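Working notes, structure below.
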Amino acid sequence: MISSFKKALDSGKFIITCEVAPPKGINLEKTAHHIELLKDKVDAMNLTDHQSSVMRYPSLGGALMVKEMGGEPILQMTCRDRNRLALQGDLLFAASRGIHNVLCLTGDSVMLGDHKTAKGVFDLESSQLLAAIRTLEKGKDLGGNDLDGSPAFCAGAIVTPEANPIEPQLIKFEKKIEAGAEFIQTQAVFDLDKFKSFMEYARQFPVKILVGIILLTSAPMARFMNKNIAGVNVPQPLIDEIAQAPKGGAIAKGIKIAGRMIKTIHAENICDGVHIMAIGKEELVPDIMAAADLTS
Amino acid sequence: MIRSITKPKSIEEIERLLDGLNRIFIIGCGTCVTLTHTGGAPEVAAMKEILLESGKLVTGQIVVPVACDNLTSEILNEEMGKIEQADVLLIMTCAFGVQTVSSQLKKMVVPALDTLFIGKETAYGQFNEICTQCGTCIIGETGGICPVTNCHKGLVNGPCGGTNQGKCEIDSNKDCAWTLIYNRLMELGRLDSMRKLQGPRNFLGEPTPGKYEISKS
Ligand code: SF4
Ligand code: SF4
């Protein structure tokens with residue numbers, strides 16, 4: 001089964017993905033609203049998996065919603081909360097219900113989230129989860145046993161192009177590709193010159209790269225990310241630009257900045273697509289796309 | 001030398017554990033907890049003061065040389081009179097010592113410390129965890145630095161995305177193990193070993209509780 005996202009990746013068109021966060025609780029209205037709004041505008045949407053180690057409705061449930069509503073889900077899976085039995089089982093379940101795109105993540109420490117005393121599992125990590133997917137596809141599980149019916153996936157991973165130091169990160173990036181990553185969604189990028197030099201390096205690998213673009217909503221939010229999120233560097237001129245927005249206009253400015261960056265990346269053909277993260281403001285994704293002159 | 005590294009439990013927790021137990025015998029240790037200032041003679045004396053102030057009766061106290069040693073029971077025998085008068089033993093040693101004493105004396109014990117890790121003193125007054133005894137040692141491929149222990153997530157294929165300026169995502173005072181390993185392997189000209197995709201770890205080195213016998217052949 002080749003997913004529509006995989007077909008889009010192979011088509012060579014400029015790919016657009018975005019993020020949808022499942023709710024904290026079982027009120028699915030807002031999530032359903034976001035899915036309805038975005039499903040026909042983007043090539044696929046990522047369902048976050050207890051993002052930042054904050055317990056929420058599961059990504060698998062969110063991915064199923066997207067599927068049932070006629071959209072194309074990318075199931076995010078971290079290795080923080082499940083051992084290899086649970087991860088493989090969930091992959092089988094996903095495939096059986098038509099979910100064929102998976103983004104493999106190691107996952108943040110539980111200490112960063114809202115259940116700080118929980119046990120972090122990390123039985124596998126991102127590159128081993130990718131390899132596990134390729135093993136399941138061959139009809140075997142990680143214990144070497146035969147499967148009765150094997151799944152098929154389009155598997156991806158992430159990279160932080162501005163990690164410091166960068167060299168160990170790039171070795172990991174290459175291992176993820178070796179393990180079977182077909183696409184990469186990057187951590188948020190703000191400095192296009194640095195990203196271009198990363199892409200010069202990354203182009204040599206047979207993998208599609210979707211640049212991560214985060215919607216800046218205020219200057220304090222940008223400063224907070226610089227301070228607290230590894231590998232995210234919002235340059236001072238961008239912070240100044242958003243700080244100078246008229247009162248109540250910071251978000252509009254953020255949309256303009258994100259749109260401008262995407263437009264440049266698209267026009268200069270810097271990478272294969274964009275992954276828009278409008279953290280908590282998913283309803284603004286169409287506005288960002290409009291600001292970038294993108295239509296799907 | 002490897003050491004058992006401990007930190008004091010809060011007084012509130014100790015008070016809760018001692019609730020209803022009024023006659024107390026305190027045991028410290030002259031080895032690791034003396035080094036970490038958590039259960040040597042000064043700390044035992046200070047604990048006695050705290051207990052007396054809160055209205056408890058201290059039937060006696062002792063700092064044994066090596067609490068986890070099997071000889072501890074003989075040393076404690078000399079204090080048997082005072083120990084027998086006590087409702088409970090408040091033990092200011094690591095949990096090896098607490099369990100040694102509890103198995104020898106068959107008396108109610110309350111640990112006064114939390115045992116954090118087995119580590120070593122890496123600089124004066126600083127203790128680091130170096131090995132968590134995982135049972136399947138992999139440091140032959142990581143330049144002799146243990147990612148199972150030094151990486152917060154025990155990752156074996158390189159850094160997670162949380163590395164920040166060479167530090168770990170959970171604590172900017174802790175080095176990211178994978179920055180250390182990268183630098184070491186680079187120095188050694190062995191980065192190839194970091195490029196090798198490692199399979200899932202074997203967690204079955206020795207199932208907990210570990211047990212090992214010298215084979216009689
Ligand atoms: S891999 Fe690390 S934890 Fe395991 S035995 Fe070796 S040094 Fe110890
Ligand atoms: S930052 Fe480094 S040490 Fe910390 S969890 Fe990630 S890879 Fe491990």
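The values are calculated or read from the model by the stated rules, or taken from the named source; none is laboratory data. These numbers come from a predicted model, not from an experiment. A quick note on method: Cβ atoms are made from the backbone with ideal geometry, for glycine too, and the neighbour counts reach across all protein chains shown. The area values use the complete protein model at the heavy-atom level, side chains included, leaving out ligands, DNA and RNA. Shrake-Rupley method; radii C 1.70, N 1.55, O 1.52, S 1.80 Å.
Given 10 Å bins starting at zero, what is the percent of C-alpha pairs of chain B in each, up to the one with the largest pair distance?
Reading upward from the zero bin: 8, 26, 26, 20, 14, 5, 0.
List the GluC sites (Glu not before Pro) within region A:1-47 that fall in a DSSP loop (any state other than H, G, I, E or B) and whose Cβ has at most 16 other Cβ atoms within 10 Å. Kindly include the intermediate steps, with their values, before the conclusion.
Details: sites: A:19, A:29, A:36; in loops: none.
Of the GluC sites (Glu not before Pro), not one in the loops of region A:1-47 has a Cβ with at most 16 other Cβ atoms within 10 Å.
Determine the distance separating the Cα centre of region A:11-30 from the Cα centre of region A:120-157; give it in Å without decimals.
24 Å
Could I get the Rg over Rh figure for chain A? Both from C-alpha atoms, Rh via Kirkwood, rounded to two places.
0.95
Looking at A:95, A:118, A:157, which one has the Cα that reaches farthest to the positive end of the dipole of chain A (charges on Cβ: Lys, Arg +1; Asp, Glu -1)?
A:118
Ignoring any ligand, DNA or RNA, what whole percent of the accessible area of region B:3-117 comes from carbon and sulfur when the probe is 1.4 angstrom? If you can, show how the numbers build up before the last one.
Working: 2970 of 5580 Å².
The value for region B:3-117 is 53 percent carbon and sulfur by accessible area.
Per residue, how much space in cubic angstrom lies within the convex hull of the C-alpha atoms of the protein assembly as shown?
Measuring per residue, one finds 208 Å³ for the Cα hull of the protein assembly as shown.
Rounded to the nearest 100 Å², what is the buried accessible area between B and A, both sides summed, probe 1.4 Å?
2400 Å²
Cα centroids of region B:72-106 and region B:155-180: how far apart, whole angstrom?
Each part's Cα centre sits 42 Å from the other's.
Run through the DSSP bridge list for the protein assembly as shown and note the antiparallel percent, rounded to the nearest 5.
For the protein assembly as shown, the DSSP antiparallel bridge percentage is about 25.
With the other protein chains left in place, how much accessible area per residue, in square angstrom, belongs to chain B at a 1.4 angstrom probe? Mind showing how you got there, number by number?
Working: 12030 Å² over 217 residues.
About 55 Å² of surface per residue is accessible.
Per residue, how large is the accessible surface of region A:4-291? Use a 1.4 angstrom probe and give square angstrom.
40 Å²
Suppose every Lys and Arg Cβ carries +1 and every Asp and Glu Cβ carries -1, with no other charges. What dipole size does region B:131-195 come out with about its Cα centre, to the nearest 20 debye?
Dipole size: approximately 20 debye.
Taking only C-alpha pairs under 8 Å that are 6+ residues apart, what is the relative contact order of chain B in percent?
18 percent
Grab the DSSP H runs of chain A that are 4 residues or longer, score each as -39,500 (n - 2.57), total them, divide by all residues and round the 222 nm result to the nearest 500 deg cm²/dmol.
Only helices count here, giving -12500 deg cm²/dmol.
May I ask you to list the aspartates and glutamates whose Cα is less than 12 Å away from that of residue A:208, ignoring any residue fewer than eight positions away on the same chain?
Hits, sequence-local ones excluded: A:10, A:182, A:272.
Suppose the chain between residue B:213 and residue B:1 were pulled fully straight at 0.36 nm per residue; how much longer would it get relative to their current alpha carbon spacing?
Difference between extended and current length: 74.0 nm.
Take the Cβ-Cβ distance between residue B:136 and residue B:87 as r, set R0 to 45 Å, and report the resulting FRET efficiency rounded to the nearest 0.05. Don't skip to the answer; put the middle values down first.
Details: r = 44 Å, r/R0 = 0.98.
E(calc), rounded to 0.05, equals 0.50.
Restricting to Cα pairs below 8 Å that are 6+ residues apart, what does the relative contact order work out to for region B:131-195? Please round to a whole percent. Can you show the working numbers first?
On the way: 70 pairs, mean separation 19.5, N = 65.
It comes to 30 percent, rounded to a whole number.
Between residue B:49 and residue A:2, with labels modelled 7 Å along Cα→Cβ, what's the label distance in nm to one decimal, could you check?
Going by the 7 Å Cα→Cβ label model, 7.9 nm.
Over chain A, what percent of the accessible surface lies on carbon and sulfur atoms, probe 1.4 Å? Working shown, then result.
On the way: 6540 of 12140 Å².
Roughly 54 percent, rounded to a whole number.
Hey, what's the Cα Rg ratio for region B:131-195 versus the globular rule of thumb, 2.2 N^0.38 Å?
1.04
So which aspartates and glutamates pass the test for residue B:174, namely a Cα distance under 14 Å, with those fewer than 8 places away in the same chain ruled out?
Leaving aside aspartates and glutamates fewer than 8 places away in the same chain, those within reach of residue B:174 are B:129.
Residue A:236 versus residue A:197, label points 7 Å from Cα toward the beta carbon: distance in nm?
Going from the residue A:236 label point to the residue A:197 one covers 1.9 nm.
What would the Debye formula give as log10 I(q)/I(0) at q = 0.13, 0.16, 0.21 Å⁻¹ for the alpha-carbon point model of region A:158-296, no solvent?
-0.55, -0.83, -1.33
Run the quick spin-label model on residue A:117 and residue B:114: label points 7 Å from Cα toward the beta carbon, then report their separation in nm to one decimal.
Reported label-point gap for residue A:117 and residue B:114 is 0.9 nm.
Can you tell me what the convex hull of the Cα atoms of region A:216-296 projects to on average, as an area in nm²?
If I average the Cα hull's projected area over directions, I get 5.7 nm².
Local charge sum around residue A:196 (other residues, Cβ-Cβ under 11 Å, Lys/Arg +1, Asp/Glu -1)?
Values: positive: A:194, A:203; negative: A:191, A:193, A:200, A:268.
Computed value for this residue: -2.
Looking only at region A:4-291, where both bridge partners belong to it, what percent of the DSSP beta bridges are antiparallel (to the nearest 5)?
Among the beta bridges of region A:4-291, antiparallel pairing accounts for roughly 5 percent.
Would you mind calculating the relative contact order of region B:3-117 from Cα pairs under 8 angstrom and at least 6 residues apart, reporting the percent as a whole number? Write down the numbers at each step before the final one.
Values: 222 pairs, mean separation 41.3, N = 115.
With pairs under 8 Å counted, the relative contact order is 36 percent.
Return a single number: how many Lys pairs in region A:22-68, at a sequence separation of 8 or more or on separate chains, have alpha-carbon atoms below 17 angstrom apart.
4
Go through region A:210-296 and name the trypsin sites (Lys or Arg not before Pro) that are in a DSSP coil and have 15 or fewer other Cβ atoms within 10 Å of their Cβ.
Passing sites in region A:210-296 are A:247.
How tilted is helix B:41-53 with respect to the longest principal axis of chain B? Cα atoms for both, answer in degrees (0 to 90, nearest 10).
50 degrees
So which chymotrypsin sites (Phe, Trp or Tyr not before Pro) in region B:100-204 pass both tests, a DSSP loop state and at most 11 other Cβ atoms within 10 Å of the Cβ?
Qualifying residues, ordered by number: B:124.
Using the Cα atoms of region B:97-217, I'd like the radius of gyration and the largest Cα-Cα distance, Dmax, both in angstrom.
18.2, 57
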